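Coordinate-derived values only; no laboratory data. It should be emphasised that the depicted structure is a prediction, and the values quoted were computed from it without experimental measurement. Every residue, glycine as well, gets a Cβ built from its backbone with ideal geometry; the counts of neighbours run over all protein chains shown.
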Amino acid sequence: MPPKYSLIIPIYNEAETIAELYRRVASLMERLDDSVELILIDDGSQDTSLEIIRNLHQQDSRVCYLSFARNFGHQIAVTAGLHFARGQAIVVLDADLQDPPELIPDLIEKWRQGYQVVYAQRTVRRRENWFKRFTAYTFYRILQRLADVNIPADTGDFCLMDRQVVDALNAIPEQNRYIRGLRAWVGFKQTAVRFEREPRFAGTVKYTFRKSLRLAINSIISFSRIPLQLATYLGLFAAGVALLMALLVLYWRLFESGSRLIGFAAIAIAVLFLGAVQLVCIGILGEYIGRIYEEVKGRPLYIMREIAGFPQPAECSPSQAETQH
Ligand code: UDP
Ligand code: MG
């Protein structure tokens, strides 16, 4: 009998938090009305996380785990968890206890009411520095303006999804996976549960500024074609300015005696401005072409070095074969 609930937790160098995480998740699992599987995905940790996970699996048969051959990133770790989950309701949460497991009964309650995606929306980010809060705030608002689908602001990957939604996500062959976006894209009946985001339990942030920036760029490129149109708009703007300048120069030549043309500085600025505009536009094109290149290569999303706790790897992940090309 497959379990009713699956909990998916991606783990990257979280040795300090796993014990406490397990303690809180285990006490939550006792309170749930039905069977649960806990899927831990080791995203190529370099610390002792994998050993700790192995021990947990030995102590508790509800714990199953996947371990990647290297660090493939948080979104891919969650994707792998979704491929392997067998439950009817699937919950994704972070390992650092910033997503409180105690909120899960509330998510389940909404699921029982008929919602197929219940995402947790952050009301406050306690003790995260102003820079992170400011960048996160601005990013979510920019994304909402640009994206083709409405991706709710201030939501992370912490959510509950119905089996049907997870099947739909697993059928998406895209390499570049921005789960929050894809989750909004598939549709279904969605609702939010609001919560306060706690500070990290222990350890340091695994999403470095570089990783966060990459995720932000990826999400915009995956869900919007507006940046591609930027070249057109900037081109039209530059053409307008050029026309205006031409008319102005003509006027000065015809109707004013002393020359007002200041020469070098104006020309240098114009040349630099146009050069900058062109380079930015080429950069944007490059981002999209790079994405096409990634998709065309069609490499597997992840490489596994260890799997344990699942009845039979081939049998439990029917969607994996399709998705992994
Ligand atoms: N994580 C991962 N792979 C990575 C980076 C992070 O699996 O390359 C996991 C990490 O262990 C944690 C979650 O993703 O469970 C969120 O990471 P973190 O708390 O560092 O980022 P935040 O979202 O809080 O900024
Ligand atoms: Mg965190």
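Say each of Arg24 and Ala266 gets a label point 7 Å from the Cα, pointing the same way as Cα to Cβ; how far apart are those two points in nm?
Inter-label distance under the simple model: 6.4 nm.
In whole Hz, what ³J(HN,Hα) sequence does the stretch 28-37 give by Karplus (6.51, -1.76, 1.60; θ = phi - 60°), x for Gly and Pro?
Per-residue couplings from phi come out as 5, 4, 4, 7, 6, 7, 9, 5, 10, 10 Hz.
Please give the calculated 222 nm ellipticity per residue for the chain, where each DSSP H segment of at least 4 residues contributes -39500 (n - 2.57) and the sum is spread over every residue; nearest 500 deg cm²/dmol?
Values: 12 runs with 170 residues, N = 325.
For the chain, the value works out to -17000 deg cm²/dmol.
What FRET efficiency, computed as 1/(1 + (r/R0)^6) with R0 = 30 Å and r the Cβ-Cβ distance, is obtained for Thr123 and Ala202, rounded to the nearest 0.05?
On the way: r = 23 Å, r/R0 = 0.78.
It comes out at approximately 0.80.
Taking Lys4 as the anchor, which lysines have their alpha carbon closer than 29 Å to its alpha carbon, excluding any fewer than eight residues away along the same chain?
Straight-line reach from Lys4, under 29 Å: Lys110, Lys189.
Using 0.36 nm per residue of separation minus the Cα-Cα distance, give me the extension gain between Gln113 and Ala246 in nm, one decimal. Can you show the working numbers first?
Details: separation 133, 0.36 × 133 = 47.88 nm, distance 6.58 nm.
Length gained between Gln113 and Ala246: 41.3 nm.
Counting only DSSP beta bridges with both residues in the chain, what percent are antiparallel, rounded to the nearest 5?
Details: 12 of 35 bridges.
Taking every DSSP beta bridge with both residues in the chain, the antiparallel ones total about 35 percent.
Mind giving me the nanometre distance, one decimal, between the label points for Asp60 and Lys297, set 7 Å out from Cα along Cα→Cβ?
Each label point is offset 7 Å from its Cα along the Cβ direction, giving 3.7 nm.
First check a/c for the stretch 147-222, with a ≥ b ≥ c the square roots of the eigenvalues of its C-alpha gyration tensor; if it is under 1.5, answer rounded, and if not, answer prolate when a/b is larger than b/c or oblate otherwise. Present the calculation step by step, with values, prior to reporting the outcome.
Numbers: a/c = 1.81, a/b = 1.28, b/c = 1.42.
It is oblate, given that a/c is not under 1.5 and a/b is not larger than b/c.
What angle, in degrees between 0 and 90 and rounded to the nearest 10, separates the Cα long axis of helix 130-146 from the longest principal axis of the Cα atoms of the chain?
Once rounded, one gets 80 degrees.
In a GNM of the chain with a 10 Å cut-off on Cα contacts, which of Phe139, Phe72, Phe131 has the highest mean-square fluctuation?
Phe131
For q = 0.10, 0.11, 0.15 Å⁻¹, what log10 I(q)/I(0) does the chain give under the Debye formula with an equal point scatterer on each alpha carbon and no solvent?
Taking Cα atoms of the chain as identical point scatterers yields -0.63, -0.74, -1.27.
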